Amino acid sequence: MTYREQIRSLGEQAAEQVAAIFASWQEELISTEEAVDLLAAFIAGANSRAVALADLSLAATLMQQMGVPVATLGLVPDAGDADRLHKAARTILAVPDVTLERVQRLARAEPLGAASTAFSEGVKRSPHVTGWVRSVSGSGCELCTWWARDGQVWPADHPMPTHKGCTCSQIPTEKETA
């Protein structure tokens, strides 16, 4: 399974988990505050797994490119994630006639964004990387194709632009080891 497929799978798993929480909330089996706490916790868990996967994927990509062992960087989710996710869950549940699809869209998009941000931070921090090229996903939109700029190599410290639900990824370019 590719990195892109694994990240998508994390998003789908999160969407399945929040479906049960949303159903319990709609049936009034749990309070709004309990639903907010659970939604935020499950999505934060998916984000943590996505960050770890991005860290591992970057190390594996560099090992494959360079042919030598490369350690992970120990990337961690944004410290403000919990508060931000609580606010997002509270906001979405306050929407009149909120739908399951809307809650699931949040749960799918979050791990994609967390992974992209972490991978970009890893590219920036890695001593082995000088730049990166955008790899447009098979379902890449016109904006993603434009951002790719026909294979332009971007500096390592240039963050990759994304949008909600984006599954594009970075291909790092490494420093010479000779």
What's the number of the only condition in (1) farther than 18 Å from Gln6 by Cα; (2) β-branched (Val, Ile, Thr); (3) open to solvent by less than 40 Å² (accessible area, probe 1.4 Å) that Val51 fails to meet? (1)
Given (1) within 19 Å of the chain's Cα centre (by Cα); (2) among the aliphatic types (A, V, I, L, M); (3) surrounded by 18 or more Cβ atoms within 10 Å (Cβ to Cβ), where does Ile21 come up short, assuming only one miss? (1)
Condition set modelled with pLDDT of 85 or more, assigned to a loop (DSSP other than H, G, I, E, B) and in contact with a helix residue (DSSP H, G or I) (Cβ under 6 Å, 6 or more places away or on another chain), scope the stretch 133-167, selection farthest from Val123 (Cα to Cα): answer is Val136
Looking at Glu12, Glu34, Glu16 in this structure, which one is of a type outside the set (A, V, I, L, M) and either in contact with an Asp or Glu (Cβ under 6 Å, 6 or more places away or on another chain) or more than 18 Å from Gly165 (Cβ to Cβ) (or both)? Glu34
Scan the stretch 66-78 for residues that are of a type in the set (A, V, I, L, M, F, W, C) and more than 15 Å from the chain's Cα centre (by Cα) and jot them down. Met66, Val68, Val70, Ala71, Leu73
Which is open to solvent by less than 70 Å² (accessible area, probe 1.4 Å), out of contact with any Lys or Arg (no Cβ under 7 Å at 6 or more places or on another chain) and within 26 Å of Ser9 (Cα to Cα), of Ala148, Ala107? Ala107
Hits in the stretch 86-104 - residues which are in contact (Cβ under 8 Å) with a residue 12 or more places away in the chain and surrounded by 15 or more Cβ atoms within 10 Å (Cβ to Cβ): His86, Ala88, Ala89, Arg90, Ile92, Leu93, Val103, Gln104
Result of the Cβ filter at 7 Å on the stretch 57-74, keeping first residues that are closer than 19 Å to Gln6 by Cα and partners that are in a helix (DSSP H, G or I) and open to solvent by 60 Å² or more (accessible area, probe 1.4 Å), at least 6 apart or interchain, is Thr72/Leu56
Does the stretch 110-129 contain at least one residue that is open to solvent by 20 Å² or more (accessible area, probe 1.4 Å), part of a helix (DSSP H, G or I), among the β-branched types (Val, Ile, Thr) and under 20 Å from Ser9 (Cβ atoms)? yes
So for the stretch 67-85 (the condition being touching a Ser or Thr at 6+ places or on another chain (Cβ under 9 Å), within 27 Å of Phe22 (Cα to Cα) and surrounded by fewer than 18 Cβ atoms within 10 Å (Cβ to Cβ)), does at least one residue qualify? yes
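The values are calculated or read from the model by the stated rules, or taken from the named source; none is laboratory data. Just so it is clear, the structure is predicted and the values come from calculations on it, not from any experiment. Cβ sites come from the backbone with ideal geometry, for glycine too, and all protein chains shown count toward neighbours. We work out accessible area using only protein heavy atoms, side chains counted, and drop any ligands, DNA or RNA first. Shrake-Rupley method; radii C 1.70, N 1.55, O 1.52, S 1.80 Å.
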